[in-house]
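Asker: Pasting a structure below so you can have a look.
Every number here is computed from the coordinates shown, using simple stated rules; none is lab data. All figures in this text were calculated on a predicted structure; none of them were measured in a lab. Because the Cβ atoms are built from the backbone with ideal geometry, glycine has one as well, and the counts that use them run over all protein chains shown.
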2 protein chains.
Amino acid sequence: MTDLSTRMLDLGRRARTAAVLLREAPAAARTRALEILSAKLTAAEPALIAANARDVEAAREGGMTEALIDRLSLSPARIAGMAEAVATIAAVPDPLGVETERWTPANGLDIARVRTPIGVLGVIYESRPNVTADAAALCIRSGNAAILRCGSDCLQSSLAIAALIAEALAEAGLPADAVQLVDTPDREAVGLMLTGLNGAIDVIVPRGGKSLVARVQAEARTAVLSHLEGLNHTYLHQAADLETARAIVLNAKMRRVSVCGATETLLVDRAAAQRLLPPVAADLIAAGCELRGDADARAIVPVMTPATEADWITEYLAPILAVRVVDDLDAATDHIARYGSGHTEAIVTTDAHAAERFAAKVDSAIVLINASTQFADGGEFGFGGEIGISTNRLHARGPVGAEQLTTYKYVVRGQGQIRP
Amino acid sequence: MTDLSTRMLDLGRRARTAAVLLREAPAAARTRALEILSAKLTAAEPALIAANARDVEAAREGGMTEALIDRLSLSPARIAGMAEAVATIAAVPDPLGVETERWTPANGLDIARVRTPIGVLGVIYESRPNVTADAAALCIRSGNAAILRCGSDCLQSSLAIAALIAEALAEAGLPADAVQLVDTPDREAVGLMLTGLNGAIDVIVPRGGKSLVARVQAEARTAVLSHLEGLNHTYLHQAADLETARAIVLNAKMRRVSVCGATETLLVDRAAAQRLLPPVAADLIAAGCELRGDADARAIVPVMTPATEADWITEYLAPILAVRVVDDLDAATDHIARYGSGHTEAIVTTDAHAAERFAAKVDSAIVLINASTQFADGGEFGFGGEIGISTNRLHARGPVGAEQLTTYKYVVRGQGQIRP
């Protein structure tokens, strides 16, 4: 056994021990830890900036692109954002101990289904230091112990944040081991986490790009909560209101092109393409979006470049939009079923019957009627935050907030019943 | 690619196609299919008995033990039981389309969480022909397509049942491929199912002994819903009522010793051991149960054989009970946390405060207060049946009925909202 694997197994054991204490701790203590952490993040701004400067300097020396350096960098505004995110999660209703159902079957037993923590979560992410605080906060809110593994490029920043988390936990009377950061850049640590650390990790949440998620999905011997990609569609039904369509498509594609809720393909009903496509396309082009259309779309908006089969299955995460004219609602849902990733789809229409039929037929985690796909977000859903958006079909689907990081048990109250 | 793998991949594709049709079918059609199936099982009694006779004959020639032959055998009473089980599942409220939550966050969107089928389930079981009907019925009720793989010893019986299922589906206007039985005894088929058949299977449910479940847990590249074992405890608290304790312990251990809800270890508070243990032990011994006690238990009931460490971690599934005297409630929950399998535990006490503390501390799927652990059963929970009992911490925990075989999606209704 290598030195690293010994250390990682120890991390797992300590997480497991902490998870029991955390599970039995009152909601008020977990809320208090989050409030303290939020205040500490604000107060530690200079120290966090200094730690982050070391990461940024090393990254720059290593030749990292400016886009990635921006992702890695902490500013006073970003630190304030982290503190606010933690405070928001502190204010979310505590999910634990809630009875989600209670009933009495024929045998007279009083059966309650009660929310409890899952146990120990492993979170593997890239070089965004804020995820350290976000993920820790959601785990504390949901009563789960966490083992966090950040991208090696943000290790100094994350260590500084993790030190504040440990202090906040201790000051609230909770075990400091409830949130542990893997303190080495050694990449073997990821492989060890994926083994589950001898059963110590219940579920792994990868948070990052497609290659990270694909590796975790392929190799993890634990359960995984993840989405591989958000290949999302906005569908303009023939009864779409023009101004609503313009506003929604522009927002769904261009508000932020790099988020997993961004629309990647626009579907337009043939019967309304002549009416809707020119103004919608003009807005997008004016905003700097490249359009790739099928033959029917290009017949209406000739400035589009030709779309190929590859465009229907590409998550651009960039100012590019694939455009296809479809015969009707069924053709739209067929396209989505064939090419989509089951993440988020939207319909724009004034026809309530068509809207409900689309919502019933489309089998994605989130289906929106007359709203932007960029609402695919735990914060927008009122969850106070999210650790990601799941396209799993088991456990949590859609935004994963504190409540989705829980499981349940049955508490059955009898008066001496035995089974015949 | 072997001929078998080509056939299995085709099975997967057909299941996936059927799953879409099944998902879009109305609840009434699924109910009707179940009612028709129940009637067909009853009407086909002679044919089922004949098919089963071929299985039994082959098993006997192969030297199968009488206990296993009993498990494999269909009688008129067992066929009636199968038909009744399917009728019960037909009468369960349909889980699909139910809005489990609906709310409006600050952005004004109307968000609904709606139950939908998971998709395609793979069920791998042993030589109990009734599982073919049971599992199919739960899948139909929950709108999931199923690929069933029975033990090779019950293939003829299962094929006869599967033919009735296909007829019932077709007569109800549902795709016959919604439930497919792997029609070869080739053991390689199991390994192919565990690969997920190119993404066609969403989740595998192993239903059988520990070696089957362990293999599926180790090898499956899909999600798995399972329990490895039910190492369940009944704890007699110092404030236990004697008659309640006697009735519950006898029932929890001896009603049926081979079910996963049977109690395997009895814990007794030191303060009440002298009062409770002799009568409880006398009942068990009179019923033919072997007792294996720790030194303190044997000091009170000397007829017990000595328990070793191995007894605390053995799921006997036999008329044997491990007995341990504990100092108090905390010692009892510590024992359960250390040795238990997270399945089902019970406390017997007249002290409501102690009961609630036990229920809060014990982290098992089912915690009972003053009731027999043998109530760990989907039918007893009012689910109309179960495909098994899950000790997973993700997705379903405890009895898995039709509702637990669903996932959800969000349907979000807006009025043109875009994200700022």
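Asker: Hey, can you grab everything whose amide H is under 5 Å from the amide H of residue B:407? Only 5+ residues off in sequence or another chain; H modelled, so Pro and N-termini drop out.
Answerer: B:116, B:118
Asker: From other protein chains only, count the Cβ atoms within 10 Å of every residue's Cβ in B:362-371, then give the mean. Please report the intermediate quantities before stating the final value.
Answerer: Values: counts 2, 9, 2, 4, 5, 7, 8, 7, 7, 12.
Taking all residues of B:362-371 together, the mean is 6.
Asker: Shifting gears a bit: How large is the direction-averaged shadow of the alpha-carbon convex hull of the range B:73-180, in nm²?
Answerer: Directional mean of the projected Cα hull area for the range B:73-180 stands at 8.2 nm².
Asker: Straight distance only, please: which aspartates and glutamates reach the Cα of residue A:361 with their own Cα at less than 14 Å, same-chain residues fewer than 8 apart left out?
Answerer: Hits, sequence-local ones excluded: A:328, A:330, A:334, A:345, B:24.
Asker: May I ask you to report, in nm to one decimal and beginning with the shortest, the distances from residue A:330 to the same position in the other copies, taking label points 7 Å along Cα-to-Cβ?
Answerer: Output for residue A:330: 6.8 nm, nearest copy listed first.
Asker: Would you kindly calculate the translational diffusion coefficient of chain B, applying Stokes-Einstein with the Kirkwood radius from alpha carbon pairs, for 4 °C and a viscosity of 1.567 mPa s, and quote it in µm² s⁻¹ without decimals?
Answerer: 56
Asker: Give me A:395, A:353, B:335 ranked fewest to most by other Cβ atoms within 10 Å of their Cβ, as a rough exposure proxy. Don't skip to the answer; put the middle values down first.
Answerer: On the way: A:395 22, A:353 9, B:335 17.
Ranked by crowding around the Cβ, least crowded first: A:353, B:335, A:395.
Asker: Starting at the first residue of the range A:406-414, write each ³J(HN,Hα) from the Karplus equation 6.51 cos²θ - 1.76 cosθ + 1.60 with θ = phi - 60°, in whole Hz, x for Gly and Pro.
Answerer: 10, 10, 8, 9, 9, 10, 10, 9, x
Asker: Follow-up. Hey, what do the phi angles of the range B:259-271 turn into as Karplus ³J(HN,Hα) couplings, whole Hz, using 6.51/-1.76/1.60 and θ = phi - 60°, x for Gly and Pro?
Answerer: Here the 3J(HN,Hα) series is 8, 6, x, 5, 6, 10, 9, 9, 10, 10, 4, 3, 5 Hz.
Asker: Want the number for residue B:328 to residue B:303: 0.36 nm per residue separation, take away the alpha-carbon distance, what's left? Walk me through the intermediate numbers first.
Answerer: On the way: separation 25, 0.36 × 25 = 9.00 nm, distance 2.42 nm.
Length gained, residue B:328 through residue B:303: 6.6 nm.
Asker: Residue by residue through the range A:195-209, what is 3J(HN,Hα) from phi via Karplus (6.51 cos²θ - 1.76 cosθ + 1.60, θ = phi - 60°)? Round to whole Hz and write x for glycine and proline.
Answerer: For the range A:195-209, the Karplus curve yields 6, x, 6, 6, x, 6, 9, 7, 8, 10, 10, x, 10, x, x Hz.
Asker: Sticking with this structure for a sec: What does the average come to when, for each residue of peptide A:103-111, you count the partner chain Cβ atoms lying within 10 Å of its Cβ?
Answerer: Numbers: counts 2, 1, 6, 3, 7, 1, 8, 2, 7.
Across A:103-111, the average partner-chain Cβ count within 10 Å equals 4.
Asker: Please work out the FRET efficiency for the pair residue A:170 and residue A:285, using the Cβ-Cβ distance as r and a Förster radius of 51 Å; give the result to the nearest 0.05.
Answerer: 0.40
Asker: Between residue B:295 and residue B:186, with labels modelled 7 Å along Cα→Cβ, what's the label distance in nm to one decimal, could you check?
Answerer: Result for the modelled spin labels: 6.0 nm.
Asker: Measuring nothing but label to label, 7 Å from Cα along Cα→Cβ, what are residue A:58's distances to the other copies in nm, shortest first?
Answerer: 6.3
Asker: Next up: Under 1.5 on a/c is rounded, so check that first for the range A:232-375, then, if it is not, pick prolate when a/b is larger than b/c and oblate when it is not; a ≥ b ≥ c are the square roots of the alpha carbon gyration tensor eigenvalues. Display every interim value, and only then the final one.
Answerer: Details: a/c = 1.30, a/b = 1.15, b/c = 1.13.
Verdict is rounded for the range A:232-375.
Asker: Can you give the FRET efficiency for residue B:243 and residue B:313, using 1/(1 + (r/R0)^6), R0 = 35 Å, r = Cβ-Cβ distance, to the nearest 0.05?
Answerer: Working: r = 31 Å, r/R0 = 0.88.
Here the calculated transfer efficiency is 0.70.
Asker: Take the Cα atoms of the range B:330-377, find their three principal axes, and give me the spread along each one in whole Å, biggest first.
Answerer: The Cα atoms of the range B:330-377 stretch 26, 25, 13 Å along the principal axes, largest first.
Asker: Taking 7 Å along the Cα-to-C-beta vector as the label spot, tell me the residue A:5-residue B:21 distance in nanometres, rounded to one decimal.
Answerer: For residue A:5 paired with residue B:21, the spin-label model returns 5.0 nm.
Asker: To continue, here is another question. Per the Debye formula with a single identical scatterer at each Cα and no solvent contribution, what log10 I(q)/I(0) holds for the protein assembly as shown at q = 0.06 Å⁻¹?
Answerer: -0.43
Asker: Let me ask another. Nearest beta-carbon of B to the rotation axis carrying it onto A: which residue, how many whole Å?
Answerer: That would be B:395, 2, residue then distance in Å.
Asker: Now for a different question. Placing a label point 7 Å from Cα toward Cβ, how far apart in nm is residue B:219 from its equivalents in the other copies, listed shortest first to one decimal?
Answerer: With the label placed 7 Å along Cα→Cβ, residue B:219 yields 2.4 nm.
Asker: Residue B:103 to residue A:356: FRET efficiency via 1/(1 + (r/R0)^6), r the Cβ-Cβ distance, R0 22 Å, to the nearest 0.05?
Answerer: On the way: r = 19 Å, r/R0 = 0.86.
Between residue B:103 and residue A:356 the formula returns 0.70.
Asker: Residue by residue through A:241-249, how many Cβ atoms from other chains fall within 10 Å of the Cβ on average? Don't skip to the end; give the middle numbers.
Answerer: Values: counts 1, 0, 1, 5, 1, 0, 3, 5, 1.
For peptide A:241-249, the averaged partner shielding equals 2.
Asker: Let me spell out the model: positive unit charges on the Cβ of Lys and Arg, negative unit charges on the Cβ of Asp and Glu, origin at the Cα centre of the range B:232-375. What dipole size does that give, in debye rounded to 20? Working shown, then result.
Answerer: Working: 12 positive and 19 negative charges, 73 e Å.
Computed about the Cα centre, the dipole is about 360 debye.
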